[in-house]
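Worksheet: one structure, shown below.
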There are 2 protein chains.
Amino acid sequence: METIQPILWENGVLKLLDQRILPHSEDYISYQNCRDVADAITDMVVRGAPAIGITAAYGVALAVKKYTDVDVNRWQELIEDDLIYLSKARPTAINLNWAIDEMRKLFSQCNVLNPLPEVQALAIKIHQDDIDNNRIMGKLGADLIRESITGEIKPAVITHCNAGALATGGYGTALGVIRSAWEQGLISHVYADETRPWLQGARLTAWEMVKEEIPVSLLVDGAASHVIKTSQQTDAPIGWIIVGSDRIAANGDVANKIGTYGLAVNAKYHGLKVMVVAPTSTIDFKVASGNDIPIEERSNQEVLNFAGSKQSAKGALARNPAFDVTPAELVDAIVTEKGVVLKPTTDKMLNLK
Amino acid sequence: METIQPILWENGVLKLLDQRILPHSEDYISYQNCRDVADAITDMVVRGAPAIGITAAYGVALAVKKYTDVDVNRWQELIEDDLIYLSKARPTAINLNWAIDEMRKLFSQCNVLNPLPEVQALAIKIHQDDIDNNRIMGKLGADLIRESITGEIKPAVITHCNAGALATGGYGTALGVIRSAWEQGLISHVYADETRPWLQGARLTAWEMVKEEIPVSLLVDGAASHVIKTSQQTDAPIGWIIVGSDRIAANGDVANKIGTYGLAVNAKYHGLKVMVVAPTSTIDFKVASGNDIPIEERSNQEVLNFAGSKQSAKGALARNPAFDVTPAELVDAIVTEKGVVLKPTTDKMLNLK
């Protein structure tokens, strides 16, 4: 059993750990309606691409329950509006539509007059598979770190946003690798960008690391380059940036939380290695490159305000792209549950299909 | 007369616009004691290297007043402790010690039995010279932008922190160039990094731009790379990053607000030009390179908290370097009141001595 469980499924009820108020309160919100689940994704009660996918799978199960109760002969027709609504909850993380598609595939194969047991079982399987995949990726990523170590010095690592247990079914993608590497004594320290505007680093990543007693130092996002550079003169030089992803294009371009791209550019300038950790459900072979990945632009109030209070000058505009794209040329390794792709290209990525 | 006056000297009293509470309140705090002025610098009532220098000059004038009142024959001896205290108010901005040194030079040349008129006059001159120098730099920097324009497209610019009227005697260094370029119709838009942890961009730069109706869009610091890249496909591509400096080494390495270095690395990756705007009082010919510039590490509470409330996970550590160093190789132009140095090197910098 995982220590941190962002998503619970109990007796046909979905419970989401409200990530907007972590780490100050650890409260679960219960959901029994697919549209409410979609709103929870939009409002960031739950976030992180794999966690959004799992949540969507349970959302589909809730919709199946609702519409089979209404009319068991017409549920596949009645459910459509809710699934479309759910699919639009957030635009960038492809895991959302991947999970809905996986659930849809079952519709034509299951016992259509009593679909619920099979539908619920698949959602639970998607959830459990995600945790299992994280464990596999954790090991593969830690192996990469081990192979990069020459001599006595253990590298420190830097991560951006939260790609941890909270962003997944449990254990985490980037933080799964960090957990595994820490257990094996391969890394010396974790630096976490605070990750404005939502502070997923300060609130969520730091919380996960503190819970497991992995030493973590927060940085404002702008401090990463300086800390990377100056750490090279210490006995704990930052050697890797390790991040998750919300969507990976067929050529290996990586969409992830805003700030990842700038961090990756700085990582390459300083000779660091860049590791992206994501299940294959995050790969979208339908988009040729990162240029075709839709980037969510959220409300500018998230930038103009902070913790509910107006910080910025009245009258100022703001841009608030929630993600950016790191080109494959800046990525050293994409770690998936099906294996590692080094220096990704379209040809190499096809091996994961 | 400048619209924005961060520093006022009225009847022997120093008044500082409290920049910690801008833009929500525009309040001046009065000072009549040198040590209180030093604390105001430490606590960031006033910030920005040139403004710190001007404030320190007035602080010296206040100390001269105090100790000539105590004992006009011993004031040069009695004043020492206060000047040392003042000189330690913040470590990175060299303008602080530059101004104290300028004032000290006068001590041996003035009428020692009645130094106050000359001392006060010099502080006022340092203040006025700074404003005049900003106007000169504004013109020189705008000329560089004009020369970089080919065809119809006017560039947008991005700035970091606040190097505006508030950071100087008035008008500003980086924002002085932006003001001048905007007046001449040379730029299309201003992007301002919000600049965590103190939000000088969101609070101060945005406030200055809004006051003068220069269109400004705030970004979280991590969004700059994405916005730089995607702006290249628009009719207002970001063409320049324009920043101030807290200390420039003899070789042209530039210390400035944390985040500048990472932004400059990204600027070069995208082919932008990097302009640093600072008076020659910011150049420290005693330090050979940026490696020798002391970087202030402020309280980690500034990172762990936000707007007075705890945001981050309990138990997390934090690093809080207040400045970073951008190596000269990333700088296209250093603009001073004595002229412009392109692609700075130690030899070229000596022309400014």
Next on the checklist: Give me the three principal axis extents of the stretch A:1-62 from the C-alpha atoms, as integers in angstrom, largest value leading.
Outcome noted: 29, 26, 19
Checklist entry - Just for the protein assembly as shown, what percent of DSSP beta bridges are antiparallel, to the closest 5? => result 50
Checklist entry - Quick one: in chain A, whose Cβ comes closest to the A/B rotation axis, and how close in angstrom? => result A:221, 2
Checklist outcome for this item: For the stretch A:38-82, the accessible surface attributable to carbon and sulfur atoms (probe 1.4 angstrom, ligands and nucleic acids excluded) amounts in percent to 43
Checklist entry - Shortest first and in nm to one decimal, what separations exist between residue B:235 and its copies in the other chains, measuring from label points 7 Å along the Cα-to-beta-carbon line? => result 6.1
Checklist entry - Picking from A:59, A:285, A:172, whose Cα lies most toward the positive end of the charge dipole for the protein assembly as shown (charges on Cβ: Lys, Arg +1; Asp, Glu -1)? => result A:285
Item to check | Interface burial for A against B (accessible surface, 1.4 Å probe, total of both chains, Å², rounded to 100) | outcome: 4200
Next on the checklist: In whole Å, what are the extents of the stretch B:190-318 along the principal axes defined by its C-alpha atoms, from largest to smallest?
Outcome noted: 46, 38, 31
Checklist entry - Using a label point 7 angstrom from Cα along Cα-to-C-beta, what distances in nm, from shortest up, separate residue B:21 from the other copies? => result 3.2
Item to check | Between 0 and 90°, nearest 10: helix B:260-269 axis offset from chain B longest Cα axis | outcome: 30
Next on the checklist: What is the angle, in °, between the Cα long axis of helix A:95-107 and the longest principal axis of the Cα atoms in chain A? Nearest 10 is fine, range 0 to 90.
Outcome noted: 30
Item to check | Orientation-averaged projected area, Cα convex hull of the stretch A:244-353 (nm²) | outcome: 8.1
Item to check | the stretch B:129-174, accessible surface, carbon-and-sulfur percent (1.4 angstrom probe) | outcome: 52
Checklist outcome for this item: Using the Kirkwood radius over Cα pairs of the stretch A:106-204, the Stokes-Einstein translational diffusion coefficient at 37 °C and 0.692 mPa s, in µm²/s and rounded to a whole number, is 213
Checklist outcome for this item: When the charge dipole of the protein assembly as shown is computed with +1 at the Cβ of Lys and Arg and -1 at the Cβ of Asp and Glu, the Cα pointing farthest to the positive end, of B:115, B:182, A:119, is that of B:182
Item to check | Copy-to-copy label separations for residue A:81, where each label sits 7 Å from Cα toward Cβ, in nm and ascending | outcome: 8.0
Checklist entry - Tell me, what is the percent relative contact order of chain A, built from C-alpha pairs under 8 Å that lie six or more residues apart? => result 16
Checklist entry - Among the residues of the stretch A:203-228, which ones have their accessible area go down by 40 Å² or more when all the protein chains sit together, as opposed to their chain alone (1.4 Å probe)? => result A:210, A:218, A:220, A:222, A:226
Checklist outcome for this item: Note to self: C-alpha centroids of the stretch B:336-353 and the stretch A:103-143 sit apart, in Å, by 64
Item to check | Of all DSSP beta bridges in the stretch B:242-346, antiparallel share, percent nearest 5 | outcome: 65
Item to check | Cα-centre dipole for the stretch B:71-195 with unit charges at Cβ (Lys and Arg positive, Asp and Glu negative), debye to 20 | outcome: 240
Checklist entry - How large is the charge dipole for the stretch B:179-338, taken about the Cα centre, if only the Cβ atoms of Lys, Arg (+1) and Asp, Glu (-1) carry charge, to the nearest 20 debye? => result 400
Item to check | Average silhouette area of the protein assembly as shown, convex hull of alpha-carbon atoms, in square nanometres | outcome: 32.3
Checklist outcome for this item: Rg (one decimal) and Dmax (whole number) from the Cα set of the stretch A:7-129, in Å, equal 13.6, 46
Item to check | Average accessible area per residue (Å²) across chain A - probe 1.4 Å, nucleic acids and ligands excluded | outcome: 36
Checklist outcome for this item: Here, the stretch A:303-353 modelled as identical Cα point scatterers in vacuum has Debye log10 I(q)/I(0) at q = 0.12, 0.23 Å⁻¹ of -0.52, -0.88
Checklist entry - Gap in Å between the Cα centre of the stretch B:10-71 and the Cα centre of the stretch A:15-88? => result 57
Checklist entry - Which values, in whole Å and largest first, are the semi-axes of the equivalent ellipsoid of chain A obtained as the square root of 5 times each eigenvalue of the Cα gyration tensor? => result 34, 22, 19
Checklist entry - Could you give the nm distance between label points at residue B:152 and residue A:114, where each point is 7 Å from its Cα heading toward the beta carbon? => result 7.0
Checklist entry - Say the cut-off is 19 Å between C-alpha atoms; which of A:343/B:273; A:229/B:310; B:105/B:125 go over it? => result A:343/B:273; A:229/B:310
Checklist outcome for this item: Of the residues B:311, B:301, B:323, the Cα lying farthest along the dipole of the stretch B:289-335 towards its positive end, which is defined by charges on the beta carbon of Lys, Arg, Asp and Glu, belongs to B:311
Checklist entry - How many percent of DSSP beta bridges within chain B run antiparallel, rounded to 5? => result 55
Checklist entry - Helix A:174-183 versus the longest principal axis of chain A: what angle, 0 to 90°, nearest 10, using Cα atoms? => result 60
Item to check | Sparsely packed GluC sites (Glu not before Pro) within the stretch B:89-154, loop by DSSP, other Cβ within 10 Å at most 16 | outcome: B:152
Checklist entry - When we measure straight from the Cα of residue B:139, which aspartates and glutamates land under 20 angstrom away, once same-chain ones fewer than 8 places off are left out? => result B:2, B:129, B:130, B:147, B:183, B:208, B:212, B:213, B:332, B:337
Checklist entry - Looking only at Cα atoms, what is the convex hull volume of the stretch B:132-261 per residue, in Å³? => result 110
Item to check | Charge dipole (debye, nearest 20) of the stretch B:7-129; +1 at Cβ of Lys and Arg, -1 at Cβ of Asp and Glu | outcome: 200
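The values are calculated or read from the model by the stated rules, or taken from the named source; none is laboratory data. All figures in this text were calculated on a predicted structure; none of them were measured in a lab. Every residue, glycine as well, gets a Cβ built from its backbone with ideal geometry; the counts of neighbours run over all protein chains shown. Only protein heavy atoms, including side chains, enter the accessible area calculation; ligands, DNA and RNA are left aside. Shrake-Rupley method; radii C 1.70, N 1.55, O 1.52, S 1.80 Å.
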